[in-house]
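In what follows, a single structure is set out as structure tokens and then discussed.
The values are calculated or read from the model by the stated rules, or taken from the named source; none is laboratory data. Worth saying up front: this structure is predicted, and the values here are computed from it rather than measured. Cβ coordinates were reconstructed from backbone atoms using ideal geometry, including for glycine residues, and neighbour counts include every protein chain displayed. With ligands, DNA and RNA removed, areas are computed over all heavy atoms of the protein, side chains included. Shrake-Rupley method; radii C 1.70, N 1.55, O 1.52, S 1.80 Å.
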Amino acid sequence: MPQPWEIENLLEIQNNQLHIDGVAAVDLARAHGTPLFVFSERRIRHNIERLKRAETLIACPLKICYAAKAMSTMGILKAVKDAGSDIEVNSGGELWKALEIGFLGGQIIFNGTSKEIWELEKAIGAEIYAIQVDSTLELALIEDTAKRLNKRANVSLRLVPEIESNTHSGLQTALLTSKFGMMPGEALAAFREYKASPHLNLAGIHLHIGSQNPSAAGYAEALQILFHNLLQIFNETGVKLSHINIGGGFPVNYLRDDTLADAFPDEQREMFAADFDPADAIKNAWDVVTRSAESANASALLDNITLLLEPGRSIIADAGICLTSVRNIKQRPLKSTAVRGTAAVPAAVSPASGRQIDSAAGRSQDSQRDAGGTDTWVLTDAGFNILLSMVTYNWYYHLISAERSGDEHTYPYKLAGPLCDGGDVYFDIEGHGHLPEYRLLPPSVKLGEVLALLNCGAYSLAQASQYNARFLPPVVLIKQNGNAELIRRRDNFQDLVGSDIY
Ligand code: PLP
């Protein structure tokens, strides 16, 4: 029986050990040390193809722009480019990386709320497909910059359409209370004011609902809003747009192994377990919009229009895992682990329902308590320095033993990372029960044992820091041909001080 987290031809158990694309995770950990990120090029391609299927279901060209913010190590950008994706960047640095790896200007779109003039110069100079404009003021800056460079900038105005998503509040981006974009009325006024500018090509409109959106319905709503704005812009200014951009945010199922699912509050569980096919969601959204266009007698406005997507997480999250080693183990009395308003072990394993995960886990806990009433703490070398979302958003990454993947994972451990902060733990330090209190691994975890955190490809290394002067980890990419290639070396001492002046 495969484990629920296994994915055929990607994550599999062979000889009781975790293999990624047929390569033994433990061998990679031995060769490169831990923490170590391992990515699968085949999975990246698979995920891009999964999105591209949408083009076969709708009657317009689709432009997929991988959101580089999710993971922009150069070897990954190359794999994404080779897989036939274009790219979305969110800074001059990401723009530079995209150009450096070989994306052409026409393959690049540039988002962001606070762009600097040098960034605009670089984007306009590279003649990128679209600068996504965040405000009327920014549009004026872009026009000025383009004029100075004697160029015409392609722009797309970002709307804030008041769409609520049931994702984490920090990942919501389409509400008036969020910091992004322009109100539709402002955008319309901007089209009126700038449509004749020789230095601006007002090419599109854009929105992004948020990340890890649990419901496909939000995309139909988003596309409808884009269409209504496109129609109004045409009716009131005569500008016919050449593209609409529906953003990213397609979810990844972080609870494919749902052993601990009951430990989450309902909304959290629904968000982490979200699992719909993006191509189907886009087809459904497109059908809704074409019907609206027909009834408004405006189907011609959709002729030759290109639909843009900006997926990050759905391309890279499940293509990457993080290998970490056990660096310390200790016992602590149960009492000291009780957190505000939460009872000790079994209820903490499943605070939402009060139900134990399964009888085996319950028995382990009971026998552990009988045997001395202690928690077993396992301290790893992977903390929030490399998995920041664990603390910012209480993000869940399923944990397994890479060395004993096939063994029953029924023994509860408190997991924590190596940093000097009490908050560097794999559970919800605030005690709100947003994450399971305990992680399940085989009994008798050993010093040096290699563990794997799954679905770690997105917003992990991209957000990592050298906090506590810890080295940024290396990255291995398992290529299409099965070769495991180092695409980023581990930092060294010099990297820790390379920018310091002393
Ligand atoms: N587009 C924009 C404007 C974003 O802010 C983000 C991420 O927050 C994305 C695309 C990518 O989102 P995701 O990685 O969830 O697909």
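Conditions tested, residue by residue: (1) open to solvent by 20 Å² or more (accessible area, probe 1.4 Å); (2) away from the ligand (no atom under 16 Å from the Cβ); (3) at pLDDT 80 or above.
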{"residue": "ILE316", "(1), (2), (3)": "no, no, yes"}
{"residue": "ILE329", "(1), (2), (3)": "yes, yes, yes"}
{"residue": "ALA338", "(1), (2), (3)": "yes, yes, no"}
{"residue": "ALA344", "(1), (2), (3)": "yes, yes, no"}
{"residue": "THR380", "(1), (2), (3)": "no, yes, yes"}
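Take the residues in the range 297-314 that are more than 16 Å from the ligand (Cβ to nearest atom) and either among the small types (Gly, Ala, Ser) or under 30 Å from SER460 (Cβ atoms) (or both), then tell me which one is surrounded by the fewest Cβ atoms within 10 Å (Cβ to Cβ).
ALA300
Among the numbered criteria (1) open to solvent by 30 Å² or more (accessible area, probe 1.4 Å); (2) under 17 Å from PHE110 (Cα atoms); (3) at pLDDT 95 or above, which one does PHE180 miss?
Among (1) open to solvent by 30 Å² or more (accessible area, probe 1.4 Å); (2) under 17 Å from PHE110 (Cα atoms); (3) at pLDDT 95 or above, the lone unmet condition for PHE180 is (3).
Can you tell me which residues in the range 249-296 are open to solvent by 30 Å² or more (accessible area, probe 1.4 Å), assigned to a helix (DSSP H, G or I) and under 16 Å from TYR397 (Cβ atoms)?
ARG269, the sole residue that qualifies.
Hey, among the residues in the range 458-502 that are among the small types (Gly, Ala, Ser) and surrounded by fewer than 17 Cβ atoms within 10 Å (Cβ to Cβ), which one's nearest to GLY249 (Cα to Cα)?
SER465
Can you tell me which condition MET71 does not meet? The list is (1) touching a residue at least 40 places away in the same chain (Cβ under 8 Å); (2) open to solvent by 20 Å² or more (accessible area, probe 1.4 Å), and all the others hold.
Here MET71 meets the rest and fails (2).
Do we find a residue being modelled with pLDDT under 95, within 12 Å of the ligand (Cβ to nearest atom) and either in a helix (DSSP H, G or I) or on the phi > 0 side of the Ramachandran plot (or both) anywhere in the range 189-212?
yes
Okay, residues lined up against (1) more than 16 Å from the ligand (Cβ to nearest atom); (2) open to solvent by 50 Å² or more (accessible area, probe 1.4 Å); (3) polar (S, T, N, Q); (4) touching a residue at least 60 places away in the same chain (Cβ under 8 Å):
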residue	(1), (2), (3), (4)
HIS19	yes, no, no, no
VAL38	yes, no, no, yes
TYR66	no, no, no, yes
GLY75	yes, no, no, yes
VAL89	no, no, no, no
SER114	no, yes, yes, no
GLU121	yes, yes, no, no
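If GLU143 satisfies every condition in (1) in contact (Cβ under 8 Å) with a residue 40 or more places away in the chain; (2) within 15 Å of the ligand (Cβ to nearest atom) but one, which is the exception?
Looking at each condition in turn, GLU143 falls short on (2).
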